[in-house]
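Structure, as structure tokens:
Bear in mind that the values in this text are calculations on the coordinates, not laboratory data. What you are looking at is a predicted structure, and each value in this text was computed from that prediction instead of being measured. Heads up, the Cβs are rebuilt from the backbone with ideal geometry, glycines too, and the neighbour counts pull from every protein chain shown.
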Ligand code: BG6
């Protein structure tokens, strides 16, 4: 169903995501002439706005969250004219017909973006269906969290599937909308030099890090019941892992790419309760400093005791021919030393060093894919330091550096939601997560959580501004591997 729709309906239209991401993204698309001509955007939420006051609300959000260079009065006015609003309390199904009336004719297709609490999914889907807003020309985008384990995610997926078939269901993982994440595909499958060594013969280990400096923010209600494993690993980290580990897809389309990703998820080695203490580490941030800012502990921010993990590190394995014996070290945490999302591929050392007898030391090559805050790809290679080498050969690891920021300096870097919203509007599912992927992801995550329960695992405290508990360092050092931290 790859056809642009003529209407967009945003649930959660007054929420944080809408203000920070969705409205600015839609505006960015509007500015560049990428939204279909005449596309209308209807917002809905509980707040009691009408079209006019919602436009004022949206213009404030744009004022606050748009980068300065994008603020253009005329364009903002044009964009606001696309906006409409209908108040709706999802728990009162009698409100849905009014919503349908407000939206009007949907024969040109309707895309719905749902970012609401998981408990509201079912009533929303039902309400949409009963109000005639789920017919064959309607597609639905679902924002996480889509459940908290396999069972609850199935329940939500069943509820959605009872009304929207899979080819009209778009599950969002915003990491898939990030430019550098897609660049992994270009790097791997658009170049011939990496693929021959992209396997257990060529690669020693893979490290995936998503480190954040933020703490709880204003999300205590959601985050404390969720923790880092479910908030970040189940979705973003596993998606990155799949991009690195998957077999080459035959075509650049939703079916081919997602078929390959799901195979990776299904090949993840299940972690048993007996293994959990050895291959996973959990942490919770204590007080500390991020740069010069002194910050409180998680418990003090939350205001009550908690065993939620704000950090997790895992040694994972993909059990297939390509990856046999290659550890994938995964970690993510809040209140870490610095904000960084990065993948480091550590290649195997050369089989024999002819430099050893002349005192030259070699480091194995490393490929670093930095997703944020900067975007670059670096290949660390050995070179000889200039000199006459009377006291031995001196070798040095230096980066071959591809800075995407510099290389494409003239191109505006788009937020992930710009691409994802446009794909939703146009009906391209490639960068959305298919049901079988989500279920395979949860299956692996649930086993880890069961292991934590069986072992009564409690997160270890780590100072804010550090790289997590010291056991996370031991997790790799035991294998003679060091996290790529500088
Ligand atoms: C979200 C998580 O999915 O991703 C947040 O719920 C996290 O806890 C965020 O902060 C990170 O996204 P990004 O794009 O800033 O790396």
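Quick notes on this one:
- Remark on the range 75-224: Rg and Dmax equal 20.6, 61 Å (Cα only).
- Chain lengthening between residue 53 and residue 381 when straightened (0.36 nm per residue, less Cα-Cα): 112.3 nm
- Full-stretch length increase - residue 72, residue 402 - with 0.36 nm per residue and alpha-carbon distance subtracted: 115.5 nm
- Estimated FRET transfer efficiency when R0 is 51 angstrom, pair residue 388-residue 200 (beta carbons, to 0.05): 0.80
- Relative packing of 160-167, 402-409, 254-261, which averages over residues the other C-beta atoms within 10 Å, highest first: 254-261, 160-167, 402-409
- Listing 417, 285 from fewest to most neighbouring C-beta atoms within 10 Å gives 417, 285.
- Rg/Rh ratio calculated on Cα atoms of the range 1-154 (Kirkwood radius): 0.96
- Hull volume in cubic angstrom per residue (convex hull over the Cα atoms of the range 275-327): 113
- Alpha-carbon centroids, the range 219-270 and the range 399-449: separation in whole Å: 10
- Backbone N within the range 325-352 under 16 Å of label point (7 Å from residue 191 Cα along the Cβ vector): 343-348
- Segment residue 101-residue 324, extension gain: residue separation times 0.36 nm, minus the distance between their alpha carbons: 74.6 nm
- Cβ-to-Cβ counts within 10 Å put 246, 193 in ascending order as 193, 246, the fewest first.
- Value of [θ]222 nm, deg cm²/dmol, for the chain, DSSP H segments ≥ 4, -39500 (n - 2.57) each, nearest 500: -9000 deg cm²/dmol
- Built from the Cα atoms of the range 338-445, the convex hull projects on average onto 12.0 nm², one quarter of its surface area.
- Cα pair count fraction exceeding 16 Å, expressed as % - the range 75-140: 50
- Backbone N within the range 12-34 under 16 Å of label point (7 Å from residue 63 Cα along the Cβ vector): 19-20, 24
- Mean shadow area of the chain, taken as a quarter of the surface of its Cα convex hull (nm²): 25.4
- A protection proxy built from the mean count of other Cβ atoms within 10 Å ranks the segments 117-127, 88-98, 420-430, most packed first, as 420-430, 117-127, 88-98.
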